[in-house]
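Below is one structure, written out as structure tokens; the observations come after it.
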Amino acid sequence: MKRYILIIPFLIFLLTFPGCAPRKATIPFKEYTLPPEDILKKISRTDNFGDTLKALVHITVNTPRGKHSMKVALIAKMPSFLRAEVIPVIGTSNLFLSASGDSLKVFLPQKGEFYIGQATRKNLTMFFPINLKVEDIVSILVGTPPLVKRKNITLQGYLEDKLYRINVISQNKKVQSLWVDPYDNLVRIEVLDDDGRILYMVRLEDHSRIGGRSVPGKVMITIGETHKLSALIRYSHTQLSQDVDTTLFDLDIPPGIKPIYLD
């Protein structure tokens, strides 16, 4: 029980497990000559799903009901591993969340409640303020494009002002657009539905190079075309590591607590 209600051990882990400190990119400007398939592979980092991001993040969410802010100790690993612990201004953490593949677990120490369910978008947004699928959240947090799970994918790539734009096409419909800057940083994402309407937009800024990989320092997410829901995520103490045990993304049920099943 103690390991749930004390944030200190997790913060020590967050700030000390091996990783590389960020440094600003110094790559000079260049024109893109690679085909869009090569650029997409480079920014997607599909050849190395071992990367694990750890950071303290400040999340500010704007909704029709008002603005909400929180500080979170966060660890994310592609493709769909997420651990978050909300850090209150005073006292111990009041929320522990882990997503591992299709499994979601949440512990609320102050209420003595432990939830177990599938890591669906609906279940996740009951506890986490970003209304997206787990795999999309993880991809965005580490600075890579959300995976497109569709058939007959084709790519269109071309220069747009000083950015390289990639349109992802499926069944003759554009389902995703990506913008990459001259430093190979993914700086903008648009995800669309089958009718061409924007599901969400992302802007990624203040990139740093960590272990040779690009990681954003600020992420802005807007859900829907009406902009009624938006989230601003600011990073600090960012590190990137490899070979982190995925058991970290699991929570044990504390003794004496009966779990509540969401599904």
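Cross-link check: pairs K71/K149; K41/K77; K54/K149; K54/K133 evaluated at a Cα-Cα cut-off of 29 Å; pairs beyond the cut-off: K71/K149. Counting every other Cβ atom within 10 Å of each residue's Cβ, M78, M220 order from fewest to most as M220, M78. Seen from M78, the other residues with C-beta closer than 10 Å to its C-beta sum to a net charge of 0, counting Lys and Arg as +1 and Asp and Glu as -1. Near D243: Cβ cut-off under 11 Å, other residues only, Lys/Arg at +1 and Asp/Glu at -1. The net charge is -1. Note on Q242 and Q156: their simple-model spin labels are 3.7 nm apart, each label 7 Å out from Cα toward Cβ.
Throughout, read-outs are computed from the coordinates displayed, never taken from laboratory work. These numbers come from a predicted model, not from an experiment. All Cβ positions, glycine included, derive from the backbone under ideal geometry; neighbour counts span all protein chains shown.
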